[in-house]
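Novice: Sharing a structure with you now.
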Amino acid sequence: MNKLSRQEQVLMATYEATINYSFLCPIIMSILEVFMLIYSIGTKELYGVYLWRYRCFYIALLSAAVIFIAINLYVRGDIGNRFKILNISNPVFAAFTFGWSLAVTYSDAIVTGVVDQTLFMTFSLMVPLSIFLLPYVYAVIVSIADILLLSITVYYTQITMGLINLIVFFIFQLFLGISFFKLRIKLSERLVEEQENANFDSMTGLMNRRSYLQWMESFGETDLSKDLTYISIDINGLKEINDSMGHHAGDILIKGAGQCISQCFADIGSVYRIGGDEFVVILTAEKEYVDAKLSDLENAMKKWSDEKKIQLEASYGAARHEEAIESGITELAKLADRKMYAAKEQFYLTTGKDRRITFAQSN
């Protein structure tokens, strides 16, 4: 699976949060243009020779709105994989609507000699409210559109007060629009941050069981890529440490294990803490490389134990894709667990310890 960058995650969250509002503007436009087409049938004399010019305006906006609605319906069910489409469709739709309002305003000016800015200003309010644009994209579109409207106004009216009002509106429009989009992004950043926190273990800083289950669910049962290795790791003697030195010492042991596992595997794979003293590492690498990294893990734990004066040891089981290539990721995980428990049993047999006996019972 390709990991999304932080910016892409924020954008995806923003589009996902505003996807329902993206229907508002085009639906309103569609309804209005249908009414205008019906209106043009009963009032042909009012339009005169310009009847089909304005009908083309109405049909063009109606078509654009319907296409934009279809795009939003397409991405709605799978926005995580298709949100980049909206990075294109939203600016294009915004540019089209501003361009359309300018075209109608210009046509009215030719016909009547008066520049009515109402239609343009209406679109200036509707677009930022109903669809999401990156602030700098919005600034570019609005600036170009307002310069064109200013040119039309100067050419046909040359009214100083009208120009002043238009410039003030432009500044007001730009400030509010950009602030509104930035607010949406800021809210999405908070959402992404909360989601990230929900996916990470507060004690070790590693990804937690929730994140692990999401990965397992998204991976697919039969999608075992070549050299995929699943490693199950469990701390040895944690109960003894908890009973003899207290749970605070046990927490230190868990943090130490997380630190050592992360040090060896975080740069090359995904590391999860899925339970109290249970960890999982998932990576794609050749067997010899995995074996070397597991050896590095043993050395890292020994070094940590010497520094902290607390014995840190762990049992692990590594299962590779060829061992469960037809059974899927769940069977690969079970196989790694079985190997880990076998190693743990061997550890207790070798050391003579019985993990079922508490420290109090052994004294």
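Bear in mind these aren't lab numbers, they're just calculated from the coordinates by the rules spelled out. The structure presented is a predicted model; accordingly, all values stated were derived computationally and were not measured. Neighbour counts run over all protein chains shown; Cβ positions are idealised from the backbone, glycine included.
Novice: Pull out the extension gain between Ala70 and Thr284, defined as 0.36 nm times the separation in residues minus the alpha carbon to alpha carbon distance; nm, one decimal.
Specialist: Separation in residues times 0.36 nm, less the Cα-Cα distance, equals 73.1 nm.
Novice: Mean Kyte-Doolittle of at least 0.0 plus a Cα span of 20 Å or more along the axis: flag which DSSP H helices in the chain meet both, please.
Specialist: 24-42, 51-76, 79-112, 135-156, 160-198, 247-265
Novice: At a threshold of 8 angstrom on Cα-Cα distance, excluding pairs fewer than six apart, so keeping six or more, what relative contact order does the chain reach in percent?
Specialist: 15
Novice: If the reach is capped at under 28 angstrom between alpha carbons, list the lysines near Lys255, excluding any in the same chain fewer than eight residues apart.
Specialist: Qualifying lysines at Cα under 28 Å: Lys3, Lys239, Lys287, Lys293, Lys302, Lys303, Lys308, Lys309, Lys334, Lys339, Lys344, Lys353.
Novice: Apply 1/(1 + (r/R0)^6) to the Cβ-Cβ distance of Tyr155 and Thr43, taking R0 = 30 Å, and write down the FRET efficiency to the nearest 0.05.
Specialist: Details: r = 29 Å, r/R0 = 0.95.
Efficiency, rounded to the nearest 0.05: 0.55.
Novice: OK, next. Placing +1 on the Cβ of each Lys and Arg and -1 on the Cβ of each Asp and Glu in the chain, which of Val271, Val115, Pro91 has its Cα farthest towards the positive end of the resulting dipole?
Specialist: The Cα lying farthest towards the positive end belongs to Val115.
Novice: Can you figure out the FRET efficiency of Ile110 with Leu32, using R₀ = 22 Å and their beta-carbon distance, to the nearest 0.05?
Specialist: Step by step, r from the Cβ atoms, then E = 0.50.
Novice: Can you give the charge dipole size of the range 6-198 about its Cα centre, rounded to the nearest 20 debye, using +1 on the beta carbon of Lys and Arg and -1 on the beta carbon of Asp and Glu?
Specialist: Dipole about the Cα centre, nearest 20: 160 debye.
Novice: How are the Cα pair distances of the range 209-351 distributed, in percent, across 5 Å bins from 0?
Specialist: Pair shares across the bins are 2, 10, 19, 23, 21, 13, 7, 4, 1, 0.
Novice: Give me the distance in nm between label points sitting 7 Å out from Cα along the Cα-to-Cβ direction at Gln346 and Ile59, one decimal.
Specialist: 7.9
Novice: Could you state the orientation-averaged shadow area of the convex hull built on the Cα atoms of the chain, in nm² to one decimal?
Specialist: Result: a mean projected hull area of 25.9 nm².
Novice: If you place +1 on the Cβ of every Lys and Arg, -1 on the Cβ of every Asp and Glu, and leave all else neutral, what size is the dipole of the chain about its Cα centre, to the nearest 20 Debye?
Specialist: The dipole magnitude comes to about 720 debye.
Novice: If one puts a single equal scatterer on every Cα of the range 199-287 and applies the Debye formula without solvent, what log₁₀ I(q)/I(0) results at q = 0.16, 0.17, 0.23 Å⁻¹?
Specialist: With one equal scatterer per Cα and no solvent, log10 I(q)/I(0) is -0.66, -0.73, -1.14.
Novice: Given Cβ point charges of +1 (Lys, Arg) and -1 (Asp, Glu) and nothing else, what value in debye, to the nearest 20, does the dipole of the range 208-347 about its Cα centre take?
Specialist: Dipole of the range 208-347, to the nearest 20 debye: 420 debye.
Novice: Which value at 222 nm does the chain reach when only helices count, each DSSP H run of 4 or more adding -39,500 (n - 2.57), with the total divided by all residues and rounded to the nearest 500 deg cm²/dmol?
Specialist: -24000 deg cm²/dmol
Novice: To continue, here is another question. Please express the Cα-Cα pair-distance distribution P(r) of the range 6-198 as a list of whole percents, one per 10 Å bin, running from 0 to the bin with the greatest distance.
Specialist: The calculated distribution, bin by bin, is 8, 32, 32, 19, 7, 2, 0.
Novice: Going by the alpha-carbon gyration tensor, a ≥ b ≥ c the square roots of its eigenvalues, is the range 263-313 rounded (a/c under 1.5) or, if a/c is not under 1.5, prolate (a/b greater than b/c) versus oblate?
Specialist: On the way: a/c = 2.60, a/b = 1.39, b/c = 1.87.
Note, shape of the range 263-313 comes out oblate.
Novice: Sticking with this one: Grab the beta carbon distance between Thr330 and Asn199, set R0 = 22 Å, and tell me the FRET efficiency rounded to 0.05. Display every interim value, and only then the final one.
Specialist: Values: r = 21 Å, r/R0 = 0.94.
The value I calculate is 0.60.
Novice: As I understand it, the dipole of the range 141-264 uses +1 on the Cβ of Lys and Arg and -1 on the Cβ of Asp and Glu, about the Cα centre. Which of Leu148, Ser179, Trp215 lies farthest toward its positive end?
Specialist: Leu148
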